[in-house]
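Read the structure below first, then the notes.
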Amino acid sequence: MSDQPKAPIIINPVPPLTTNEGATFGPFDLLDYIRSPDVISGELTFQAELTNGDALPQGLMCTTDGFISGLPPVGTAGKYDILLTVNNASEIPLVVGITLTINARPQVDVETQLGVIKTQIWEALASGIDLPNSEFADLLNRPITETEVYYLLQRFAVLTIWDIYNLEPAGDKVALSLPGCSKHYVIYDRGSCLVAAPKDLFSHERTLADALQTSKIMAREVYKRGWTVEFAGFNKMVRAAWVEIQLLGQKHGKSLEIMHYTPTEEDKKLFSVQSQAADLQGPSF
């Protein structure tokens, strides 16, 4: 039947992936290559493992919403065959094979190299001249790319939801214990706003999925409080909170006013997909 969910489809061939030991990889967005064929089929969830059943190489991860990223350490060089499984509401998985090559870091005498660089830097500073044309200087002078900035924003993602008509300044932090919040995040009540931040800023266990789940829990809390809200923070956390508030308004017949935010087409599409899925579930709280 035409109204039945359909399996995920490949819209572009997934290319071979290549990175280096000790180098940041990604985020590589699988949604650029795989989609649900229609709204009825629902949003996608991704899972990746090696074809032999092992986890991805150390330092790399694949989030459920389709991002592969990480930093493979020294010792992970090699060619890997990855099995990517993609599910949606059809319950008919799409299985895709991906090759990943991790190149070995060049072997150098690290202590000697660092000693030379340190000597060059101290001599340059003492003479008041520019840093020498060394690998260290090249690293400092290399332009930062937009992808790198966005990766850092995603890794250190935070979200603030303001009670816009509460004109009091944000007060002392009071940690909330809200069911469903990721164990890698903490939600603070500061009176006129709620703030979500990572517990351990440099944790390699925390993924984007943790940030998005926490955003949904925050949205449910402000909906209970009946705030008129304004968002500030990482765009994907804002999107998750906006979608959750729309879903709650649809389910309970009472919309929450959101100020100074214009939803994107991607926001609206995600809400449409999740609202259909929500019809098959019970109350959000």
Inset, instruction - Tell me, please, whether a residue that is touching a residue at least 40 places away in the same chain (Cβ under 8 Å) and assigned to a loop (DSSP other than H, G, I, E, B) can be found in segment 217-230. - result: yes
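Let's see how each residue does on (1) touching a Gly at 6+ places or on another chain (Cβ under 8 Å); (2) within 24 Å of F25 (Cβ to Cβ); (3) of a type in the set (D, E):
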position	(1), (2), (3)
T160	yes, no, no
E205	no, yes, yes
L208	no, yes, no
A211	no, yes, no
A241	no, no, no
L256	yes, no, no
Legend entry - Within segment 1-43, considering residues that are buried (at least 16 other Cβ atoms within 10 Å of the Cβ) and among the hydroxyl-bearing types (S, T, Y), the one farthest from A209 (Cα to Cα): T19
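Please go through segment 198-208 and pick out each residue that is hydrophobic (A, V, I, L, M, F, W, C) and either outside the structural domain of V229 (by TED's automatic domain parsing) or buried (at least 18 other Cβ atoms within 10 Å of the Cβ) (or both). I'd like the intermediate steps shown before the answer.
From segment 198-208, those hydrophobic (A, V, I, L, M, F, W, C) are 201-202, 208; that's our starting set.
Passing the criteria: only L208.
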Legend entry - Selection count, segment 15-45, where residues are within 13 Å of the chain's Cα centre (by Cα) and in a strand (DSSP E or B): 4
Inset, instruction - Report yes if some residue within segment 258-266 is under 30 Å from L71 (Cα atoms) and part of a loop (DSSP other than H, G, I, E, B); otherwise report no. - result: no
Inset, instruction - With the condition kept exactly as written, say whether any residue in segment 164-180 is β-branched (V, I, T), touching a strand residue (DSSP E or B) at 6+ places or on another chain (Cβ under 6 Å) and in a loop (DSSP other than H, G, I, E, B). - result: yes
Legend entry - Candidates R239, R225, R206, filtered to the one that is farther than 24 Å from S41 by Cβ and either out of contact with any strand residue (DSSP E or B) (no Cβ under 7 Å at 6 or more places or on another chain) or among the acidic types (D, E) (or both): R225
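The values are calculated or read from the model by the stated rules, or taken from the named source; none is laboratory data. Everything numeric here is computed off the predicted structure, so don't read it as measured data. Backbone-built Cβ (ideal geometry, glycine too); neighbour counts: all protein chains shown.
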